[in-house]
Amino acid sequence: MKIGIVLYPTYGGSGVVATELGKAMAEQGHCAHFISYKQPFRLNLLEKNIAYHEVLITDYPLFEYQPYELLLSSKLVEVVLREKLDILHVHYAIPHATAAFLAQQILKTKGIHIPFVTTLHGTDITLLGKDSSFEPAITFAINQSNAVTAVSESLKSDTLMYFDVQREIEVIPNFVCPDLYGRNGIPKNIKEEIAPNNEPILIHVSNFRKVKRVDDVIKVFAEISKKMNAKLLLVGEGPERHNVEDLARSMGLMDNIRFMGKIKETEGLLLISDLFLLTSEFESFGLAALEAMAAGLPVVSTNGGGLPEVNLHGETGFLCNVGDVEDMAQKCLEILSDKTLYDNMKKGVAKRAEHFSINKIQPMYTQLYNRLIHEHIS
């Protein structure tokens, strides 16, 4: 089949999931056509059965802000007609689902009937959903989609709470690609350079937005440092980066913290670390935690949103209340100080990561695509 994939091409989890899903479909002989304003950072255009179609942002003097939704709709119509796509899969309700609906209606006038799937990832529901000015458009986009998926039961529940949804929402969780986490080829000198005395390495990966509460990561690490020599890697960039760095400096922790900045592929840093720390106020799913598990790391996280569906308390790590830095620090120390517990949790995270392997999740999407295409043909 020929699949049009609409996504945000940046470093967020939705873009990673959309890209890896398309690549996996291409490996199975389907054609994946990625449509966005910029090439997704994980996309290799030299791979077989993959194409990228850029949505050109025009500089037209009439508009102070360019109408991306309309430009995207026009590009979708163009690609569907030229490439004879069978289905569209859009990630995020706004503006992608509304653009897909408009494209679908335009195509109907040309005798082309193409279904589209909308996958809800979180911010379009948990952030935009709380803004009443977006509610009518998001509700409409969800209800007009031919199928809707959410990445967790928590997100499905939130969607039904915030919007008057008149259709079924199917939960298809996020996934990891186990092949990315092979330990061969990771230079030992990297870990030795970061932790020369074999100190345990904690790691946090995020976009440094307020919802991630990265200042709590610093506070947790400060408590840990009172009892244990350790190192902390902070991976990512975002609006809170400066404030977090100031906090770490004011607490005298900078000698043991490294701000790594934005990194395309975090697998190598995860593989040399010992424990993943996630302090978010809310996560629709918690893909960063799952990626850490795929690298063999126990996870200490908050219990907001969909995190309890990923991080199993006492099996893959621990769950703590949002903002309870003392409890999070204690749980980190407990894991790092008890070899038996640590080894058991490493077995637990390996099993959990396998549960969310792309090899198990991709068939759910393939089945959904086939069903919708068949319904539209018949």
Task: Residue tally, condition among the β-branched types (Val, Ile, Thr), touching a strand residue (DSSP E or B) at 6+ places or on another chain (Cβ under 7 Å) and closer than 20 Å to Phe134 by Cβ, over the stretch 86-107 - done: 1
Open item on the list: So, Pro67, is that one touching a residue at least 24 places away in the same chain (Cβ under 8 Å), farther than 20 Å from Ile358 by Cα and assigned by TED's automatic domain parsing to the domain that holds Thr139 or not?
Closed with: no
Open item on the list: Condition (residue is of a type in the set (D, E, K, R), modelled with pLDDT of 90 or more and in a loop (DSSP other than H, G, I, E, B)) applied to the stretch 201-213: is it met by at least one residue?
Closed with: yes
- [ ] Out of the residues in the stretch 259-290 that are among the acidic types (Asp, Glu) and either more than 23 Å from Ala230 (Cβ to Cβ) or not assigned by TED's automatic domain parsing to the domain that holds Tyr342 (or both), state the one that is farthest from the chain's Cα centre (by Cα).
- [x] Glu281
- [ ] Can you tell me which residue among Glu291, Glu354 is buried (at least 22 other Cβ atoms within 10 Å of the Cβ), of a type outside the set (A, V, I, L, M, F, W, C) and in contact (Cβ under 8 Å) with a residue 24 or more places away in the chain?
- [x] Glu291
- [ ] Looking only at the stretch 48-59, decide whether some residue is charged (D, E, K, R) and at pLDDT 95 or above.
- [x] yes
TODO: Considering only the stretch 211-244, state which residues are surrounded by fewer than 17 Cβ atoms within 10 Å (Cβ to Cβ) and free of Cβ contacts under 8 Å to residues at least 40 places away in the same chain.
DONE: Lys226, Asn229, Glu237, Gly238, Pro239, His242, Asn243
Task: Qualifying strands (runs of 3 or more DSSP E) (wholly inside the stretch 247-306; at least 1 residues being among the small types (Gly, Ala, Ser) and either at pLDDT below 95 or under 18 Å from Asn207 (Cβ atoms) (or both)) - done: 257-261, 299-302
Task: Residue under evaluation Leu341, criteria (1) among the hydrophobic types (A, V, I, L, M, F, W, C); (2) assigned to a helix (DSSP H, G or I); (3) touching a residue at least 12 places away in the same chain (Cβ under 8 Å), criterion not met - done: (3)
Open item on the list: Condition first: crowded, with 18+ Cβ neighbours inside 10 Å and among the small types (Gly, Ala, Ser). Now tell me which residues in the stretch 320-347 satisfy that.
Closed with: Ala329
Open item on the list: Given the condition part of a helix (DSSP H, G or I), under 21 Å from Met293 (Cβ atoms) and assigned by TED's automatic domain parsing to the domain that holds Ile272, answer yes or no: does some residue in the stretch 222-234 qualify?
Closed with: yes
- [ ] Output the residues belonging to the stretch 305-338 that are without any contact (Cβ under 8 Å) to a residue 24 or more places away in the chain and aliphatic (A, V, I, L, M).
- [x] Leu319
Open item on the list: Condition check: more than 19 Å from Ser145 (Cβ to Cβ) and surrounded by 19 or more Cβ atoms within 10 Å (Cβ to Cβ). Does Pro95 satisfy that?
Closed with: no
Open item on the list: Against the definition (within 27 Å of Asn359 (Cα to Cα), touching a helix residue (DSSP H, G or I) at 6+ places or on another chain (Cβ under 8 Å) and at pLDDT below 95), how does Gly13 come out, yes or no?
Closed with: yes
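The values are calculated or read from the model by the stated rules, or taken from the named source; none is laboratory data. The structure presented is a predicted model; accordingly, all values stated were derived computationally and were not measured. Note: ideal-geometry Cβ built from the backbone for every residue, glycine included; neighbour counts use all protein chains shown.
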